[in-house]
Amino acid sequence: MLLRGAYRDFAGRSRLNVEATTVGEALERAIEACPALRERVRDEHGRLREHLNIFANDEDIRRLNGERTALREGDIVHLIPAISGG
Amino acid sequence: MKRGVAIMVGTKKGAYVLRSSKTRTRWVQEGPLFAGEPVFHMSFDHRDGESMFAACNNTWGGPKVQVSRDQGKTWTVASNPAYPEGHRNTFRRTWHIEPGHAKTPNVVWAGVAPAGLFKSTDRGMTWEPVLSLIDHPTSDQWSPGGAGETALHSIAVDAGDPKRIAIAISAGGAYLSEDGGKSWRPWNEGTRAEFQPNPEPEVGQCVHHMVSHPEKGGEFFQRNHHRVYFRNAEQKHWEDRQEGLPTNFGFAGTIDPHDPDTAYVIPLDERLRLAPTPGIAVWRTNDRGKTWKRTDRGLPKGAQLEVMREGIATDRLDPVGIYFGTVSGDVWGSADGGKSYERVAAYLPPILSVSTATIE
């Protein structure tokens, strides 16, 4: 998993190696490794925050299967702050 | 920190702390803290003389409450306020953090959007929703204020009674609890909502800012959308004290820490949301709003500046220090009880809030 911008700061690192079969699982493994990520990635109802873009390799998971998007060994999950403003 | 005053400035891009000795003649600026994050409000806990709280509402990663136990030198991220599982609301941001009564030293209150009150019993580290207010039978009558969301932005603890707490919501009006937050009732008698078909509804008023007197029990003051009001908790209704002000609109207002009959407001033009001609001024009353006086010595002549709802505060020294911050990024201060002002910080990001710590 590669973390960019604010998410790198929240986790205190830019790269995490996790074992997971879906994006959702990968996020949970990352939160276990970096608990400070929990409230930064999800709201209190467990939904992903609005200004967070997650990519599985080069595809936005919104265009795939969301958190259920399947992963294979070697896939890269990107956590990227959404661009806001002009 | 040595004895003196700290002005905590929340801006659209982080927070700044201005520190001075009791003379308040020279200010040292620290910051930005929480760089890049909109800081809606900061507060100091005069009960322990150490704690500071900051309501940080970052777009990325969501809102955070930050807590300091060393007068702002170091900060820790607290748990977020959170609505219960299955609740209609999802926590979006914190608007106001208020230390509780002196007799409940571990209690801190937070007002959030969507409109809700949260209580901490561990000095701000964890939060529980006050569902008796959040799910009040009248809550379906709360509507988004000018900020585009319902927000609980004012928490006024009665200095004389730890169980008496008033809150205000935009646009939901004021509510009062007399049992420490277990139950609430609308507290808007005598206030108007001129934007509604019924201008005197039970709830739904657009309160802009409400405070209690920090020392004298039972005294409350509110800057409402169209008027200003005083109320003693024993009174049956709010006293309309708008007459004498240059406009009927404004956001910022506060009460004098030594005299509950003295208050300060910054009137704005309603349409422009800017100070009206002849420019920015603090208007002061010394007789509970019967008369108002313009004070502007030292302020820029003709400047049509904007000050937001948390934009004015006093310290607790004598003579009282009065401070306000503008959307154009300047902090103005008076160390002589409002006789004259000078600029104590310049060219900050747009200022959302000004609050103070008087460190004895």
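For residues that are closer than 11 Å to B:His153 by Cα and among the hydrophobic types (A, V, I, L, M, F, W, C), tally how many sit in region B:95-108.
2
For region A:32-45, how many residues are crowded, with 18+ Cβ neighbours inside 10 Å, facing chain B (nearest Cβ under 7 Å) and in contact with a Gly (Cβ under 9 Å, 6 or more places away or on another chain)?
Going through region A:32-45 one residue at a time, the tally reaches 3.
For region A:1-21, how many residues are assigned to a loop (DSSP other than H, G, I, E, B), within 14 Å of another protein chain (Cβ to nearest Cβ) and within 11 Å of the chain's Cα centre (by Cα)?
Going through region A:1-21 one residue at a time, the tally reaches 1.
Taking region A:46-64 only, how many residues are within 14 Å of another protein chain (Cβ to nearest Cβ) and either touching a His at 6+ places or on another chain (Cβ under 8 Å) or farther than 18 Å from A:Glu28 by Cβ (or both)? Break it down stepwise before answering.
Just the residues of region A:46-64 that are within 14 Å of another protein chain (Cβ to nearest Cβ), to begin with: A:46-54.
Next cut, either touching a His at 6+ places or on another chain (Cβ under 8 Å) or farther than 18 Å from A:Glu28 by Cβ (or both) only: A:50-51, A:53-54.
Matching residues across region A:46-64 total 4.
Can you work out which of the residues in region B:156-206 that are of a type in the set (A, V, I, L, M, F, W, C) and modelled with pLDDT under 95 is farthest from the chain's Cα centre (by Cα)?
B:Phe195
Take region B:70-85 and flag every residue that is away from chain A (no Cβ under 14 Å) and either farther than 20 Å from A:Ala36 by Cα or not in a loop (DSSP other than H, G, I, E, B) (or both).
Matches in region B:70-85: B:Asp70, B:Gln71, B:Gly72, B:Lys73.
Limited to region B:20-40, what total is found for residues that are assigned to a strand (DSSP E or B), open to solvent by less than 30 Å² (accessible area, probe 1.4 Å) and within 30 Å of B:Arg93 (Cα to Cα)?
Residues meeting the conditions: 1.
I'm trying to understand the selection: among the residues of region A:70-86, which are within 13 Å of chain B (Cβ to nearest Cβ) and on the phi > 0 side of the Ramachandran plot?
A:Gly85
Any residue in region B:55-67 that is surrounded by fewer than 20 Cβ atoms within 10 Å (Cβ to Cβ) and more than 25 Å from A:Pro35 (Cβ to Cβ)?
No; the residues of region B:55-67 include none that is surrounded by fewer than 20 Cβ atoms within 10 Å (Cβ to Cβ) and more than 25 Å from A:Pro35 (Cβ to Cβ).
Check A:Glu67, A:Glu28 and return the single one that is more than 14 Å from every other protein chain (Cβ to nearest Cβ), touching a residue at least 24 places away in the same chain (Cβ under 8 Å) and either in a strand (DSSP E or B) or open to solvent by less than 70 Å² (accessible area, probe 1.4 Å) (or both).
It is A:Glu67.
Here is a yes/no grid of residues against (1) of a type in the set (S, T, N, Q); (2) on the phi < 0 side of the Ramachandran plot:
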site	(1), (2)
B:Asp48	no, yes
B:Cys56	no, yes
B:Gly61	no, no
B:Gln66	yes, yes
B:Ala82	no, yes
B:Glu85	no, yes
B:Thr94	yes, yes
B:Ala102	no, yes
B:Val107	no, yes
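Of B:Asp135, B:Asp70, B:Asp140, which residue is modelled with pLDDT under 95 and more than 22 Å from the chain's Cα centre (by Cα)?
None of the other options fit; the residue is B:Asp140.
Kindly list the number of the only condition in (1) open to solvent by 50 Å² or more (accessible area, probe 1.4 Å); (2) outside any loop (DSSP other than H, G, I, E, B) that fails for A:Gly74.
(2)
Kindly provide the set of residues from region B:41-60 that are in a loop (DSSP other than H, G, I, E, B) and of a type in the set (Ser, Thr, Tyr), ordered by number.
Residues satisfying the conditions are B:Ser51, B:Thr59.
State whether the residues of region B:305-327 include one that is over 27 Å from B:Val157 (Cβ atoms), open to solvent by 30 Å² or more (accessible area, probe 1.4 Å) and among the polar types (S, T, N, Q).
For region B:305-327, residues over 27 Å from B:Val157 (Cβ atoms), open to solvent by 30 Å² or more (accessible area, probe 1.4 Å) and among the polar types (S, T, N, Q): absent.
The values are calculated or read from the model by the stated rules, or taken from the named source; none is laboratory data. The model shown is predicted, which means the values in this text are computed figures rather than measured ones. Virtual Cβ from ideal backbone geometry, glycine too; neighbours counted across all protein chains shown. The area values use the complete protein model at the heavy-atom level, side chains included, leaving out ligands, DNA and RNA. Shrake-Rupley method; radii C 1.70, N 1.55, O 1.52, S 1.80 Å.
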